[in-house]
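The values are calculated or read from the model by the stated rules, or taken from the named source; none is laboratory data. Only a predicted model underlies this, so the values are computations on that prediction, with no experimental measurement involved. These accessible areas exclude ligands, DNA and RNA; they are computed on the full protein's heavy atoms, side chains included. Shrake-Rupley method; radii C 1.70, N 1.55, O 1.52, S 1.80 Å.
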Amino acid sequence: MLTNVPAGINSVARNVIINHPNTFNCEVYRRTVQRTGPEEGGMPTLGGMMVLTVEDEENIGWELVGLGFALSAEAFLPSSMVDRRDASYGGLDEFRFLVEPEHKLGDPGGFEVKKNDVIYLIVGQGDTAAKIAHEIVDVESTVNVPPFVPRFVTNRRADLDLMPGDPGIEP
């Protein structure tokens, strides 16, 4: 019975995120390991131990997981003041987004957004659209009852941005 509350919040949040006027269309990419292990088909090893995450790998590729929608969860964040208290740092270290896949999990084309995924916010339309990269570094919950209501903490990844005319991410 108690799970009806977060399930309802997730359902309403999905509708709000998809239909909100400030929502970005986005693409979600996930790292894939490119090197193989010592034996055919084995997992890569590092010093005799299994590699903990793809983050530990240097030879990676990118796989398009799916399309979705991203809504900034905190449009007006406070910013830190400089020591003299006469100005604030304009830039932010982290951003929070509510991200919804285009198709629900379980439906064809549905997927789950995970930590370490890279989301590209699509700014513009067609071939002239810029794609601004954010890497998900943490997943928070605003409701502490399962099924949780996730909010994604991201860091900007300007090194992965795609501007019109760029070749794109290669698998």
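At-a-glance table
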read-out: Subset tally (residues that are of a type in the set (D, E, K, R) and assigned to a loop (DSSP other than H, G, I, E, B)) for region 116-138; value: 1
read-out: Hey, residue 71 modelled with pLDDT of 60 or more, under 21 Å from residue 140 (Cα atoms) and open to solvent by less than 50 Å² (accessible area, probe 1.4 Å) or not; value: yes
read-out: Selected residue (only one of 113, 145 is of a type in the set (A, V, I, L, M, F, W, C), over 18 Å from residue 64 (Cα atoms) and in a loop (DSSP other than H, G, I, E, B)); value: 145
